[in-house]
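The values are calculated or read from the model by the stated rules, or taken from the named source; none is laboratory data. From a predicted model like this one, the values you see are computed outputs, not experimental measurements. So basically every Cβ, Gly included, is an ideal-geometry build from the backbone, and we count neighbours across all protein chains shown.
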Amino acid sequence: MMLLRLRSEMILLALLAMLGYSQSAIVKWCVTGRVNAFLVSGKYLIPKICLVDYLISPDAMCVRQKSFRHEILLKEFVDNMEGNSSK
């Protein structure tokens with residue numbers, strides 16, 4: 001899974017490359033509190049678990065036009081959850 005290879009906290013630019021959303025969208029998520037983030041030295045640091053929590057939240061599910069990468073991450077998450085529940 002793509003998220004497993006990343007550090008436990010990620011800076012905004014890493015998210016842009018990974019998720020395919022615009023910088024303004026992700027900053028808006030941080031500023032409005034949708035994603036728990038820490039502003040450190042002018043950069044947002046987002047704990048990986050907080051990003052995952054947001055991406056699978058009802059709020060994120062309501063995003064009308066999810067990026068292609070977001071759709072892939074959701075599919076991987078669902079596939080992993082289904083695989084874990086069958087064990």
>> Of all residues being over 19 Å from Phe68 (Cβ atoms) and part of a loop (DSSP other than H, G, I, E, B) in segment 1-29, which is modelled with the highest pLDDT? Just the residue, please.
In response: Ser8
> What are the pairs, 6+ residues apart or on separate chains, where a residue within segment 13-26 that is under 18 Å from Ile72 (Cβ atoms) has its Cβ under 7 Å from a residue that is among the small types (Gly, Ala, Ser) and at pLDDT 80 or above?
Replying inline: Leu19/Ser67; Gly20/Ser67; Tyr21/Ser67
>> Tally up the residues in segment 34-54 that are among the hydroxyl-bearing types (Ser, Thr, Tyr) and in a strand (DSSP E or B), please.
In response: 1
> Could you list, in sequence order, the residues of segment 30-50 that are touching a helix residue (DSSP H, G or I) at 6+ places or on another chain (Cβ under 7 Å) and not hydroxyl-bearing (Ser, Thr, Tyr)?
Replying inline: Arg34, Val35, Asn36, Ala37, Lys43, Ile46, Lys48
>> Need the failing condition index for Thr32 against (1) among the polar types (S, T, N, Q); (2) at pLDDT 80 or above; (3) in contact with a Lys or Arg (Cβ under 8 Å, 6 or more places away or on another chain), just the number.
In response: (3)
>> Take the residues in segment 55-67 that are assigned to a helix (DSSP H, G or I) and at pLDDT 85 or above; name whichever of them is farthest from Ala25 (Cα to Cα).
In response: Pro58
>> Checking Leu74 against (1) modelled with pLDDT under 80; (2) over 13 Å from the mean Cα position of the chain (by Cα), only one condition comes out false. Which one?
In response: (2)
